[in-house]
Amino acid sequence: MIKAVIFDLDNTLLDFVKMKKEAVMSALSSMKEAGLDLDIDISYKEVMKIYEVEGWENQLVFDKFLKNKIGRVDNKYLAAAIVAYRRAKEANLKAYPNVQKTLNHLIKTGIQLAIVSDAPSREAWMRIYYLNLHHSFDTVITFDDSGERKPSPAPFKLALERLNLSKDEVLMVGDWPERDMVGASSMGIKTIFAKYGDAFGVKKSGANWDIEDISEVINIINEINHA
């Protein structure tokens, strides 16, 4: 009997990749308009490389970009980047289609909801509030809560403890097989691959189910609970 669903946050409930791309491109365009000589496409790759090395939540990415570009942090360009980034981020922080509808349906049918994310607590909660989903979840587990990132079983174990449920009573929905599927499976939790959020062209997810739309979670739960 399924009594709860654990969701990943980025690229499962919201399109993090699109948001990040639009925000970075907007920041670069703003710096160029402010007078910085740069090629937008080349600079985009350079900024994304910094994120890959320093972490996707790095708050000093444009400081480092400017140091690499002109040897120092010019606050005129930095301010232009930060303001444009924040505006574009807010404009593009949107839930995938049918997220709110699906979560509401699950809540009405008595299913508990949780999030297990590798994001820092503050950033995760800010995104949850931007999406107006802060009332939807019974518990939210971030890196700051468990101290370990997926595929470590630690955040999943903590989620089960807070939900007060066993591994057989929950499902995990995520977009990253090597982290979401592997981590949940190591705890014996059945998994659902959010194919709609796949940014890597995954051919074989290793999940129990692959879905093209988040609403398919409802049918999976119905099939299990009415079997």
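Worth a mention:
- Computed FRET value (nearest 0.05) for N164 with M126, which takes r as the C-beta separation and R₀ as 35 Å: 0.80
- A cut-off of 5 Å between modelled amide H atoms, ignoring neighbours fewer than 5 places along the same chain, links L14 with Y96.
- Gyration tensor verdict on the range 183-227 (Cα atoms; rounded if a/c is under 1.5, prolate if a/b is larger than b/c, oblate otherwise): oblate
- Tensor-based shape of the range 137-220 (alpha-carbon gyration tensor, a/c under 1.5 rounded, otherwise prolate or oblate): prolate
- Cα gyration tensor category, rounded, prolate or oblate, for the range 57-162 with a/c compared to 1.5: oblate
- Cβ-derived FRET efficiency at R0 22 Å, R86 paired with D144, nearest 0.05: 0.50
- Estimated FRET transfer efficiency when R0 is 41 angstrom, pair Y51-H134 (beta carbons, to 0.05): 0.95
- Taking all pairs of distinct alpha-carbon atoms in the chain, Kirkwood radius in angstrom: 18.6 Å
- Sequence-distant residues sharing a close amide H with Q112 (under 5 Å, placed H): A4, V5
- Debye-sum result for the range 107-172 in log10 I(q)/I(0), which assumes one identical scatterer on each alpha carbon, at q = 0.12 Å⁻¹: -0.30
- Sorting E216, E169 by solvent-accessible area of protein heavy atoms yields E216, E169, largest first, with a 1.4 Å probe.
- Shown for the range 113-227: lysine pairs separated by 8 or more places, or found on different chains, whose C-alpha atoms are under 20 Å apart, numbering 11.
- Restricting the calculation to alpha carbons of the range 22-67 gives Rg and Dmax of 10.0, 28 angstrom.
- Computed [θ] at 222 nm, deg cm²/dmol, the chain (DSSP H ≥ 4; -39,500 (n - 2.57); rounded to nearest 500): -14500 deg cm²/dmol
- Residues whose amide H lies under 5 Å from that of D210, counting only those 5 or more places away or on a different chain, are F193; hydrogens are built 1.01 Å from N in the peptide plane.
- Within the same chain, lysines fewer than 8 places from K67 are excluded, and of the rest, those with a Cα less than 22 Å from its Cα are K20, K21, K32, K45, K49, K76.
- Percentage, to the nearest whole number, of Cα pairs in the range 2-106 over 25 Å apart: 29 percent
- Relative contact order of the chain, defined on C-alpha pairs under 8 angstrom at six or more residues apart (%): 25 percent
The values are calculated or read from the model by the stated rules, or taken from the named source; none is laboratory data. Owing to the predicted nature of the structure, the values given are computational and were not obtained by experimental measurement. With ideal geometry, Cβ positions are generated from the backbone for all residues, glycine too; neighbour counts draw on all protein chains shown. These area figures cover heavy atoms from the full protein model, side chains too; ligands, DNA and RNA do not enter into them. Shrake-Rupley method; radii C 1.70, N 1.55, O 1.52, S 1.80 Å.
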